[in-house]
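Undergrad: Okay, here's the structure, questions in a sec.
The values are calculated or read from the model by the stated rules, or taken from the named source; none is laboratory data. These figures come from a predicted structure and were not determined experimentally. Note that we place each Cβ from the backbone using ideal geometry, even for glycine, and neighbour counts take in every protein chain shown. When the accessible area is computed, the model is the full protein with side chains, heavy atoms only, and any ligands, DNA or RNA have been set aside. Shrake-Rupley method; radii C 1.70, N 1.55, O 1.52, S 1.80 Å.
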Amino acid sequence: MELPLVAATDGSTSSLAALDWAADHAARHELPLRVVHASLWERYEKVLPDVSAERPPLQVLADHIVASGAERARLRQPAVKVTTDVLPQEPEAGLVQESYEAAAVVTGNRGRGGLPGMLLGSVGLAVAARAHCPVVVVRGEQADWEDVSRPVVLGVGDLAEGPAATVFAFREARLRNSPLRAVRAWRCPAFETVEDPLFTQDPARVHEERASAVLTEVLYGPRREYPGVEVQRQPAEGPPQRVLVDESAGGSLLVAGAPRRHGHTGLQLGRVTHALLHHSACPVAVVPASA
(Lines give C-alpha, C1' and ligand atoms only; values in the text may rest on other atoms or scores of the structure.)
Protein backbone atom coordinates (compact mmCIF):
# COMPACT_ATOMS: atom_id res chain seq x y z
CA MET A 1 0.00 0.00 0.00
CA GLU A 2 1.29 3.43 -0.93
CA LEU A 3 1.90 5.63 2.09
CA PRO A 4 0.21 9.05 1.96
CA LEU A 5 1.79 12.44 2.22
CA VAL A 6 0.50 14.00 5.46
CA ALA A 7 -0.15 17.75 5.52
CA ALA A 8 -0.86 19.41 8.86
CA THR A 9 -3.21 22.37 8.89
CA ASP A 10 -4.61 24.67 11.55
CA GLY A 11 -6.11 27.25 9.21
CA SER A 12 -3.18 29.66 9.60
CA THR A 13 -1.58 31.40 6.65
CA SER A 14 1.57 29.36 7.20
CA SER A 15 -0.31 26.06 7.11
CA LEU A 16 -2.14 27.08 3.93
CA ALA A 17 1.22 27.62 2.23
CA ALA A 18 2.25 24.18 3.49
CA LEU A 19 -0.92 22.70 1.99
CA ASP A 20 -0.07 24.20 -1.39
CA TRP A 21 3.45 22.76 -1.20
CA ALA A 22 2.09 19.38 -0.11
CA ALA A 23 -0.48 19.24 -2.92
CA ASP A 24 2.24 19.92 -5.50
CA HIS A 25 4.55 17.36 -3.90
CA ALA A 26 1.80 14.72 -3.84
CA ALA A 27 1.04 15.34 -7.51
CA ARG A 28 4.73 15.16 -8.42
CA HIS A 29 5.19 11.85 -6.59
CA GLU A 30 1.71 10.50 -7.45
CA LEU A 31 0.90 10.08 -3.76
CA PRO A 32 -2.42 10.37 -1.91
CA LEU A 33 -2.65 13.40 0.35
CA ARG A 34 -3.94 13.17 3.92
CA VAL A 35 -4.93 16.54 5.41
CA VAL A 36 -5.00 16.43 9.21
CA HIS A 37 -5.75 18.79 12.08
CA ALA A 38 -4.88 17.89 15.67
CA SER A 39 -7.61 18.94 18.09
CA LEU A 40 -8.56 17.95 21.62
CA TRP A 41 -11.93 19.67 21.37
CA GLU A 42 -13.58 17.26 23.84
CA ARG A 43 -11.15 18.34 26.54
CA TYR A 44 -11.71 22.05 25.97
CA GLU A 45 -15.47 21.88 25.44
CA LYS A 46 -15.83 19.70 28.56
CA VAL A 47 -18.50 17.51 27.00
CA LEU A 48 -19.15 13.78 26.80
CA PRO A 49 -19.59 12.25 23.34
CA ASP A 50 -23.25 11.31 23.63
CA VAL A 51 -26.18 13.54 24.35
CA SER A 52 -26.44 16.73 22.38
CA ALA A 53 -27.59 16.83 18.80
CA GLU A 54 -25.58 20.01 18.40
CA ARG A 55 -21.89 19.64 17.74
CA PRO A 56 -19.59 21.57 20.08
CA PRO A 57 -18.12 24.71 18.51
CA LEU A 58 -14.52 23.49 18.61
CA GLN A 59 -15.48 20.27 16.85
CA VAL A 60 -17.23 22.32 14.17
CA LEU A 61 -14.11 24.45 13.82
CA ALA A 62 -11.83 21.40 13.55
CA ASP A 63 -14.02 19.80 10.89
CA HIS A 64 -14.15 23.08 8.97
CA ILE A 65 -10.36 23.46 9.06
CA VAL A 66 -9.68 20.05 7.50
CA ALA A 67 -12.56 20.34 5.01
CA SER A 68 -11.42 23.75 3.74
CA GLY A 69 -7.82 22.52 3.62
CA ALA A 70 -8.83 19.51 1.54
CA GLU A 71 -10.85 21.69 -0.81
CA ARG A 72 -7.86 23.99 -1.28
CA ALA A 73 -5.64 21.01 -2.14
CA ARG A 74 -8.19 19.57 -4.60
CA LEU A 75 -8.54 22.88 -6.39
CA ARG A 76 -4.77 23.19 -6.70
CA GLN A 77 -4.13 19.59 -7.79
CA PRO A 78 -7.41 17.94 -8.96
CA ALA A 79 -5.70 14.62 -9.79
CA VAL A 80 -4.51 14.08 -6.20
CA LYS A 81 -6.65 11.84 -3.98
CA VAL A 82 -7.32 13.80 -0.77
CA THR A 83 -8.61 12.48 2.55
CA THR A 84 -9.01 14.24 5.90
CA ASP A 85 -8.92 13.47 9.59
CA VAL A 86 -9.17 15.30 12.90
CA LEU A 87 -6.63 13.83 15.30
CA PRO A 88 -7.79 13.65 18.95
CA GLN A 89 -4.29 14.53 20.16
CA GLU A 90 -1.97 17.41 20.80
CA PRO A 91 -0.40 18.50 17.48
CA GLU A 92 3.12 17.29 18.22
CA ALA A 93 2.06 13.83 19.42
CA GLY A 94 -0.50 13.44 16.64
CA LEU A 95 1.93 14.29 13.84
CA VAL A 96 4.71 12.11 15.23
CA GLN A 97 2.21 9.24 15.35
CA GLU A 98 1.19 9.99 11.76
CA SER A 99 4.85 9.79 10.72
CA TYR A 100 4.89 6.01 11.26
CA GLU A 101 2.58 5.57 8.25
CA ALA A 102 3.47 8.52 6.04
CA ALA A 103 5.74 9.11 3.06
CA ALA A 104 6.47 12.51 4.63
CA VAL A 105 4.86 15.06 6.96
CA VAL A 106 4.49 18.67 5.81
CA THR A 107 3.97 21.59 8.19
CA GLY A 108 4.03 25.37 8.09
CA ASN A 109 6.72 27.34 9.85
CA ARG A 110 4.30 29.06 12.25
CA GLY A 111 1.02 28.06 13.85
CA ARG A 112 -2.07 30.11 14.57
CA GLY A 113 -1.16 33.30 16.37
CA GLY A 114 2.43 33.24 15.09
CA LEU A 115 3.71 36.52 13.75
CA PRO A 116 5.21 36.73 10.26
CA GLY A 117 8.99 36.62 10.28
CA MET A 118 9.21 35.01 13.71
CA LEU A 119 11.14 31.81 14.34
CA LEU A 120 9.80 28.31 13.79
CA GLY A 121 6.90 27.29 16.02
CA SER A 122 7.41 24.62 18.68
CA VAL A 123 5.21 22.03 16.93
CA GLY A 124 7.16 22.08 13.66
CA LEU A 125 10.45 21.91 15.54
CA ALA A 126 9.34 18.98 17.72
CA VAL A 127 7.90 17.01 14.80
CA ALA A 128 11.04 17.50 12.71
CA ALA A 129 13.10 16.29 15.66
CA ARG A 130 11.09 13.14 16.44
CA ALA A 131 9.32 12.00 13.26
CA HIS A 132 10.00 8.60 11.71
CA CYS A 133 9.71 9.86 8.13
CA PRO A 134 10.95 12.98 6.33
CA VAL A 135 9.44 16.24 7.59
CA VAL A 136 9.16 19.30 5.38
CA VAL A 137 8.80 22.70 7.06
CA VAL A 138 7.59 25.13 4.41
CA ARG A 139 9.39 28.45 4.54
CA GLY A 140 10.14 31.25 2.12
CA GLU A 141 8.23 32.79 -0.77
CA GLN A 142 5.94 30.58 -2.82
CA ALA A 143 7.23 31.97 -6.13
CA ASP A 144 10.75 30.88 -5.13
CA TRP A 145 9.92 27.30 -4.14
CA GLU A 146 7.81 26.86 -7.26
CA ASP A 147 10.73 27.93 -9.49
CA VAL A 148 12.19 24.65 -10.80
CA SER A 149 15.22 26.46 -12.21
CA ARG A 150 16.36 26.91 -8.62
CA PRO A 151 18.41 23.97 -7.33
CA VAL A 152 17.52 21.46 -4.65
CA VAL A 153 20.23 22.17 -2.06
CA LEU A 154 21.66 19.18 -0.18
CA GLY A 155 23.57 19.86 3.02
CA VAL A 156 26.23 17.13 3.16
CA GLY A 157 27.03 16.35 6.77
CA ASP A 158 28.81 13.44 8.43
CA LEU A 159 29.06 10.19 6.50
CA ALA A 160 27.52 8.42 9.51
CA GLU A 161 24.20 10.09 8.73
CA GLY A 162 23.75 7.63 5.87
CA PRO A 163 22.37 8.04 2.35
CA ALA A 164 18.69 8.78 3.12
CA ALA A 165 18.92 12.57 2.76
CA THR A 166 21.06 12.29 -0.36
CA VAL A 167 18.63 9.92 -2.07
CA PHE A 168 15.69 12.15 -1.06
CA ALA A 169 17.42 15.17 -2.62
CA PHE A 170 18.23 13.34 -5.86
CA ARG A 171 14.64 12.13 -6.21
CA GLU A 172 13.31 15.63 -5.68
CA ALA A 173 15.73 17.09 -8.22
CA ARG A 174 14.82 14.44 -10.79
CA LEU A 175 11.06 14.87 -10.40
CA ARG A 176 11.33 18.67 -10.49
CA ASN A 177 13.81 18.56 -13.39
CA SER A 178 15.96 20.84 -11.25
CA PRO A 179 19.70 20.83 -10.61
CA LEU A 180 20.99 19.45 -7.33
CA ARG A 181 23.54 21.55 -5.44
CA ALA A 182 25.51 19.49 -2.90
CA VAL A 183 27.18 21.67 -0.29
CA ARG A 184 29.83 20.62 2.21
CA ALA A 185 31.03 23.31 4.63
CA TRP A 186 34.60 23.28 5.86
CA ARG A 187 36.64 25.39 8.27
CA CYS A 188 40.34 25.81 8.88
CA PRO A 189 41.09 26.00 12.62
CA ALA A 190 43.09 29.07 13.54
CA PHE A 191 45.85 27.08 15.26
CA GLU A 192 46.79 25.18 12.09
CA THR A 193 49.61 26.76 10.10
CA VAL A 194 51.81 25.73 7.24
CA GLU A 195 54.44 24.78 9.85
CA ASP A 196 52.10 22.16 11.35
CA PRO A 197 53.70 18.73 10.67
CA LEU A 198 50.30 17.42 9.52
CA PHE A 199 50.38 19.73 6.54
CA THR A 200 52.82 19.99 3.69
CA GLN A 201 50.72 22.63 1.92
CA ASP A 202 48.30 25.41 2.72
CA PRO A 203 45.99 24.10 5.53
CA ALA A 204 42.94 25.74 3.95
CA ARG A 205 43.62 23.82 0.74
CA VAL A 206 43.82 20.57 2.70
CA HIS A 207 40.46 21.14 4.39
CA GLU A 208 38.83 22.11 1.11
CA GLU A 209 40.15 18.95 -0.53
CA ARG A 210 38.82 16.85 2.35
CA ALA A 211 35.38 18.43 1.93
CA SER A 212 35.55 17.71 -1.79
CA ALA A 213 36.46 14.08 -1.06
CA VAL A 214 33.42 13.72 1.20
CA LEU A 215 31.22 15.12 -1.56
CA THR A 216 32.67 12.60 -4.01
CA GLU A 217 31.97 9.68 -1.66
CA VAL A 218 28.44 10.79 -0.75
CA LEU A 219 27.39 11.51 -4.33
CA TYR A 220 28.98 8.52 -6.06
CA GLY A 221 26.12 5.98 -5.69
CA PRO A 222 23.15 8.33 -6.20
CA ARG A 223 24.74 9.91 -9.29
CA ARG A 224 24.83 6.47 -10.90
CA GLU A 225 21.23 5.80 -9.89
CA TYR A 226 19.98 9.21 -11.10
CA PRO A 227 22.19 9.93 -14.12
CA GLY A 228 19.88 12.60 -15.52
CA VAL A 229 20.26 14.92 -12.53
CA GLU A 230 22.60 17.87 -13.00
CA VAL A 231 24.86 17.92 -9.93
CA GLN A 232 26.68 21.00 -8.69
CA ARG A 233 29.37 20.35 -6.05
CA GLN A 234 30.17 23.13 -3.60
CA PRO A 235 32.80 22.83 -0.86
CA ALA A 236 32.33 26.11 0.99
CA GLU A 237 34.38 27.69 3.75
CA GLY A 238 32.50 28.75 6.86
CA PRO A 239 30.23 27.52 9.66
CA PRO A 240 27.72 24.99 8.24
CA GLN A 241 24.74 26.97 9.57
CA ARG A 242 25.76 30.15 7.79
CA VAL A 243 26.85 28.42 4.59
CA LEU A 244 23.58 26.51 4.19
CA VAL A 245 21.33 29.41 5.16
CA ASP A 246 23.12 31.50 2.53
CA GLU A 247 22.64 28.71 -0.04
CA SER A 248 18.94 28.47 0.80
CA ALA A 249 18.40 31.98 -0.57
CA GLY A 250 18.89 30.62 -4.09
CA GLY A 251 17.28 27.21 -3.64
CA SER A 252 13.80 25.76 -4.03
CA LEU A 253 14.27 23.14 -1.29
CA LEU A 254 16.97 22.55 1.32
CA VAL A 255 17.54 18.92 2.37
CA ALA A 256 19.31 17.96 5.60
CA GLY A 257 19.87 14.63 7.30
CA ALA A 258 18.89 13.92 10.91
CA PRO A 259 20.38 11.04 12.90
CA ARG A 260 18.02 9.12 15.16
CA ARG A 261 19.50 7.55 18.29
CA HIS A 262 17.65 4.46 19.54
CA GLY A 263 16.23 4.88 23.01
CA HIS A 264 16.67 8.66 22.95
CA THR A 265 13.42 10.54 23.46
CA GLY A 266 14.62 14.15 23.47
CA LEU A 267 14.88 16.49 20.50
CA GLN A 268 17.16 14.79 17.97
CA LEU A 269 18.32 17.71 15.90
CA GLY A 270 21.87 18.93 15.59
CA ARG A 271 22.72 22.61 15.81
CA VAL A 272 22.96 22.92 12.04
CA THR A 273 19.51 21.48 11.28
CA HIS A 274 18.03 23.46 14.15
CA ALA A 275 19.40 26.68 12.64
CA LEU A 276 18.13 25.79 9.16
CA LEU A 277 14.60 25.23 10.42
CA HIS A 278 14.61 28.68 11.97
CA HIS A 279 16.39 30.71 9.31
CA SER A 280 16.24 29.02 5.88
CA ALA A 281 14.89 31.15 3.02
CA CYS A 282 13.22 28.12 1.39
CA PRO A 283 11.40 24.95 2.54
CA VAL A 284 13.51 22.57 4.60
CA ALA A 285 13.25 18.76 4.38
CA VAL A 286 14.62 16.98 7.45
CA VAL A 287 15.28 13.35 6.53
CA PRO A 288 15.93 10.80 9.32
CA ALA A 289 18.80 8.46 8.69
CA SER A 290 16.39 5.53 8.90
CA ALA A 291 13.90 6.96 6.38
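Undergrad: Looking for something in contact with a His (Cβ under 7 Å, 6 or more places away or on another chain), over 30 Å from Glu209 (Cβ atoms) and either modelled with pLDDT of 95 or more or of a type in the set (Ser, Thr, Tyr) (or both) - is there at least one such residue anywhere in the stretch 119-128?
TA: no
Undergrad: Of Ala67, Ala103, Ala79, which residue is touching a His at 6+ places or on another chain (Cβ under 8 Å), open to solvent by 10 Å² or more (accessible area, probe 1.4 Å) and modelled with pLDDT of 95 or more?
TA: Ala103
Undergrad: Filter the stretch 26-38 down to the residues that are outside any strand (DSSP E or B) and in contact with a strand residue (DSSP E or B) (Cβ under 6 Å, 6 or more places away or on another chain) and list them by number.
TA: Once the filter is applied, which keeps residues that are outside any strand (DSSP E or B) and in contact with a strand residue (DSSP E or B) (Cβ under 6 Å, 6 or more places away or on another chain), the stretch 26-38 yields Ala26, Leu31.
Undergrad: What residue, among those in the stretch 39-64 that are assigned to a loop (DSSP other than H, G, I, E, B), surrounded by 12 or more Cβ atoms within 10 Å (Cβ to Cβ) and out of contact with any strand residue (DSSP E or B) (no Cβ under 8 Å at 6 or more places or on another chain), is modelled with the highest pLDDT?
TA: Leu40
Undergrad: Any residue at all in the stretch 191-202 that's open to solvent by 30 Å² or more (accessible area, probe 1.4 Å), hydroxyl-bearing (Ser, Thr, Tyr) and at pLDDT 95 or above?
TA: No - not one qualifying residue is present in the stretch 191-202.
Undergrad: What number of residues within the stretch 257-288 are at pLDDT 95 or above and open to solvent by 10 Å² or more (accessible area, probe 1.4 Å)?
TA: 1
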